[in-house]
Amino acid sequence: MDCAGNETTVNQAVAMTNRGGKICLAAFPKNAVEFDLGALAVNNIYLYGIRGEGRSATHRAMALMEAGTFDASLIHIHTFPMDDLPTALKYAKERIDDAIKVVVSNRPGVVGGAKSKGPQI
């Protein structure tokens, strides 16, 4: 699963995916990128975009997590309550504490801050 959306990470995903594997693009590059299309074809690698597909893509991503193929906790280490939205945006924009995936929740009981272990969203 690529959540960075740049040429480097797309190419890393292609290089790291085993034959018959799947790549899920959760973020998209703003500009065209070059990657080895032949590696996808020869290795029977499937490339999925999560945006614009709605429910089916979300279910596919959830299935990867349920199967243990993808551990979302590796990228989701920051959860903030809605009251801390400005702080959450700052973490995401400035990549404070190596923030990759910053979640803002309106659920009661969510504790704010870095590496929060609040409820799963």
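The values are calculated or read from the model by the stated rules, or taken from the named source; none is laboratory data. What you see is a predicted model, and the numbers here were worked out from it, not measured in a lab. All Cβ positions, glycine included, derive from the backbone under ideal geometry; neighbour counts span all protein chains shown. Please note that ligands, DNA and RNA were not included when accessible areas were found on the heavy atoms of the full protein model with its side chains. Shrake-Rupley method; radii C 1.70, N 1.55, O 1.52, S 1.80 Å.
At an R0 of 35 angstrom, the distance between the Cβ atoms of A39 and L89 translates into a FRET efficiency of 0.45.
Computed about the Cα centre, the dipole magnitude for the chain is approximately 260 debye when only Lys and Arg (+1) and Asp and Glu (-1) carry charge, each at its Cβ. Extending 7 Å from Cα along the Cβ direction at K30 and again at D98 yields two label points whose distance is 2.6 nm. The amide H of Y48, built 1.01 Å from its N in the peptide plane, has I23, C24, L25 as neighbours under 5 Å, considering only residues 5 or more places off or on other chains.
Can you pull the Kirkwood radius for the chain, inverse mean 1/r over Cα pairs, to one decimal in Å?
Values: mean 1/r = 0.0631 Å⁻¹.
When all Cα pairs of the chain are included, the Kirkwood radius is 15.8 Å.
Using a probe radius of 1.4 angstrom, the carbon and sulfur fraction of the accessible surface of the chain is 53%.
The accessible-area ordering, largest first, of the residues E94, E34 stands as E34, E94, per a 1.4 angstrom probe. Think of a 1.4 Å ball rolled over the protein heavy atoms: the chain then has 68 Å² of accessible area per residue.
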